[in-house]
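Report on one structure; see the data block that follows.
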Amino acid sequence: MRILFVTSEAFPLIKTGGLADVSGSLPAALRTMGEDVRLLIPGYRPVLDKLSNSRILIEMQWLPIVGNVTLIAGEMPDTGVPVIAIACTMLYERDGSPYLDAKGREWVDNPLRFGILSRVAAILGSQDSPLTDWIPDIVHFNDWQGGLTPAFMRHSQAACAKTVLSIHNLAFQGNCAEEWVEKLGLPPAAYHVEGLEYFGQLSFLKAGVFYADSITTVSPTYAQEIQTEEFGFGMQGLLSSRSTDIHGILNGIDTREWNPAIDPHLAYPYDAEHLEQKSLVKQALQHRLGLSQDADAPLLGVVSRLANQKGLDLLLECADSLLAQGCQIALLGGGEPLLEHGFWRLSLNHPQQVSVNVGYNEPLSHQIMAGADMFIMPSRFEPCGLNQMYGLRYGTPPVVRRTGGLADSVCDTNAANLKDGSATGFTFGLADSPSLLECIQRAVEYYHNKPVWKLIQQNGMARDLGWDQSAREYRDIYRSLLEEDKGLGTRN
Ligand code: ADP
């Protein structure tokens, strides 16, 4: 099958969160299985700089507002997956993150930036594509940034590929003013509840949910949750109406990038049989972060966006109790100023017990994952979550709230689960600080029982967290769509 995988970020080209990790690994896994996958991504400066073997592919004309863009062909530097980058200086080459300016505000022209991404995806996925020798059977687009892809297809005259939407986080919807409908070249008649309109705005994600042939999300539990009022962010009705087309597929992780035995960011590599080396990593981390060199102090790791979703305010609320009981905290992340400030204050008051690094830091994220004793994720909601899986792989048992992908990937520790070898971490139910505190205290008790702790670590490290199974599930979805209707590429 020919699959065009449309994404707004992909590791190692550019990354703000889990979507980049998935976009870096899923296409590679599909390719290993023999599928012909190409990635379509905006040509941000780091993308153009990091692409291997890049060359101009074609000039694309007649796009809304911008007129022309240049498609650049290249390859992912590590996996060799073919990439098509959309080069357009005015849209994509600027300082700041892919979505936000230096002050953390959304770029005002995001509807245009990602409207063009969707438009280009729709053209490449149709018989009007200028790339006549490679027309996909499937266009698999991700999150709101690609959301208009099937809308453009539905309103084009040409025959088009089948479409799959993957929702990585329903909280981000790409809602904008109605005027963008015409500006982006969509028919005004489609601005309707049975189409693009969502509570008085154009919604990229709603359009994706409405028009996509199939919808996936990144864990089975989240697939159910998004159809409820509590987690549906207003889209639960529409999503429920499409429930037979919604599939929950747990993300895998990149097991080469995240492997404590060969991790170049660690001075002391280790595996499940050599966990004593992990204590050396902890020692080095404590030293680097200025924490007291106490081998027995339970070190709690956090690597996260600091956003309400992640529930880290709950950790702040119970931090004093945890510190009084001898715990240490190593936090890496950034986001909401109130949370950044709260953790800063905590570290100023307890410099030997709390380390806070604000910003994005790939090596440090690996060192915390390896050097911490347990990894804390008290998320209010979590579509999949990757860090808890990295924690499992690094022998750093996760302490997580039982929601979304956290519920699907971490198995609580109790007598029965220890006996049958399924215990891999610690879970709690209510999103409040007493529940989190109780759960961490329970984990700390086990932590001081070294033989049992080692079992929990080894259970997690033995879990198969790679992409094989999930990639097969995606392939099954593509195949079933093409069985309904022979894909375009196949027809040609
Ligand atoms: P989300 O996509 O909601 O932010 P995930 O757990 O799915 O959360 O993925 C987050 C990814 O981003 C992980 O790979 C994590 O290690 C990484 N990450 C988050 N914040 C930072 C940071 N400040 N520095 C380095 N990596 C980070």
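The values are calculated or read from the model by the stated rules, or taken from the named source; none is laboratory data. All figures in this text were calculated on a predicted structure; none of them were measured in a lab. Positions of Cβ are generated from backbone atoms using ideal geometry, with glycine treated the same way; all protein chains shown enter the neighbour counts. SASA here: full protein model, heavy atoms, side chains in, ligands and nucleic acids out. Shrake-Rupley method; radii C 1.70, N 1.55, O 1.52, S 1.80 Å.
Matching residues to (1) of a type in the set (D, E, K, R); (2) assigned to a helix (DSSP H, G or I); (3) more than 10 Å from the ligand (Cβ to nearest atom); (4) more than 30 Å from H274 (Cβ to Cβ):
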| residue | (1), (2), (3), (4) |
| --- | --- |
| L332 | no, no, no, no |
| G342 | no, yes, yes, yes |
| A370 | no, yes, yes, no |
| V399 | no, no, yes, no |
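The one condition from (1) in a helix (DSSP H, G or I); (2) under 21 Å from C327 (Cβ atoms); (3) touching a Leu at 6+ places or on another chain (Cβ under 6 Å) that D408 does not meet is (2). Taking the criterion of being over 16 Å from G311 (Cα atoms) and more than 11 Å from the ligand (Cβ to nearest atom), the residues of segment 380-393 that qualify are L392, R393. The listed residues are I84, I58, I72, I14, and the only one of them that is assigned by TED's automatic domain parsing to the domain that holds F172 and closer than 30 Å to L332 by Cβ turns out to be I14.
If you go through segment 251-288 and pick out every residue that is open to solvent by less than 20 Å² (accessible area, probe 1.4 Å) and in a helix (DSSP H, G or I), you end up with 5. Pairs linking a residue in segment 178-190 that is farther than 13 Å from I116 by Cα to a residue that is at pLDDT 95 or above and aromatic (F, W, Y), with Cβ atoms under 8 Å and 6 or more positions apart or on different chains, are E178/Y191. Within the bounds of segment 211-227, is there any residue that is in a loop (DSSP other than H, G, I, E, B), open to solvent by 40 Å² or more (accessible area, probe 1.4 Å), more than 14 Å from the ligand (Cβ to nearest atom) and over 17 Å from V164 (Cβ atoms)? Yes, segment 211-227 contains at least one residue that is in a loop (DSSP other than H, G, I, E, B), open to solvent by 40 Å² or more (accessible area, probe 1.4 Å), more than 14 Å from the ligand (Cβ to nearest atom) and over 17 Å from V164 (Cβ atoms). Residues considered: S304, S347. Of these, the only one that is within 16 Å of the ligand (Cβ to nearest atom), in the same structural domain as T427 (by TED's automatic domain parsing) and touching a residue at least 40 places away in the same chain (Cβ under 8 Å) is S304. On the given criteria, is Q157 on the phi < 0 side of the Ramachandran plot and at pLDDT below 95? Yes, satisfied. Here is the figure for segment 41-68: residues that are among the hydrophobic types (A, V, I, L, M, F, W, C) and open to solvent by less than 30 Å² (accessible area, probe 1.4 Å) total 6.
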